[in-house]
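Comments concern the structure below.
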Amino acid sequence: MYVLKPPAAGYFTCKIVIKMLLWKRKVPTLRSLEIFSQAKYDGDNDDDANDEPKRKNVCIKSINKKNIVENVDDKASRSNQCVKKGIVLAETGRYWESLHYFDEAILCTPNDAKIYEMKAQALLELRELYPALEVAEKAVKINTQWAEGFQTLGRCQISCGEIKQALKNFCKAFHLNPILDELYEEDIKWAQQLLVQQQQVQQNQVKQPCNNCLLSKEVETSILYNFD
């Protein structure tokens, strides 16, 4: 995953430092459907006409199964290629272009949580906060036991001002993977500091009425007691 480094306390932004993923690219040896359609079944007894329909059915089923496998492998290979291109573009700061490849990869492999997580980070870098939050939520729905997914979700939530929920997800990520880099020292402590600051601001707002409220009360009093 990318690794997001949090900024100074009180500033709801995240800077992305992107790391290359180790993708195990499949290189399948594929045969086209035309080759299969041209193939003929060589039976042991050509004179047995009763077995010919069965042989054709078996051949057709084999072709369909192989075709499905080929299609899945093609999509997986295409998805990996798109992810690699998206990472290269994101590393050079071309985030909008990288999103195009991440979206194409998602179309090929819609159940890959890592692609959603990378897309969320690219959106976060572009300050598309709520779209990033939505995509990060999809990542953790696909893989509910992935610590990095909850870490990225927490950072998206902090950027949207949802500090309490972000802290919960950071803690969940920590329980899933206690040795995750920077999770405790930067993410959890950072969220705790922001939460304290937010609570202090809310307390001050309750204790001190706003100037507009005081001004409106003064105007109301002057009107009530002005008999001139």
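Tabulated data for the structure shown
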read-out: Relative contact order (percent, whole number), region 72-205, Cα cutoff 8 Å, 6+ residue spacing; value: 15 percent
read-out: Estimated distance in nm for a label pair at Val196 and Glu182, the labels positioned 7 Å out from Cα along Cα-to-Cβ; value: 2.2 nm
read-out: For region 150-155, Karplus couplings with θ = phi - 60° (6.51, -1.76, 1.60), whole Hz, Gly/Pro x; value: 5, 5, 5, 4, x, 5
read-out: Unsatisfied cross-links (Cα-Cα over 25 Å) in the set Lys84/Lys189; Lys85/Lys114; Lys84/Lys138; value: Lys84/Lys189
read-out: Net length gained if the chain between Lys164 and Ser77 were fully extended (0.36 nm per residue, minus Cα distance); value: 27.4 nm
read-out: Per-residue HN-Hα couplings for region 86-98 [Karplus 6.51, -1.76, 1.60; θ = phi - 60°; Hz; x = Gly/Pro]; value: x, 5, 4, 5, 5, 5, 9, x, 8, 6, 4, 5, 5
read-out: Ascending count of other beta-carbon atoms within 10 Å, so fewest first, for Tyr184, Tyr95; value: Tyr184, Tyr95
read-out: For q = 0.09, 0.18, 0.20 Å⁻¹, Debye-computed log10 I/I(0) when each Cα of region 97-211 counts as one equal scatterer; value: -0.28, -0.87, -1.01
read-out: Amide H within-cut-off set for Trp146, under 5 Å, with H built and near neighbours excluded; value: none
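Values in this text are rule-based calculations from the coordinates and carry no lab data. From a predicted model like this one, the values you see are computed outputs, not experimental measurements. Quick reminder, even Gly has a Cβ in these numbers, built from the backbone with ideal geometry, and neighbours come from all protein chains shown.
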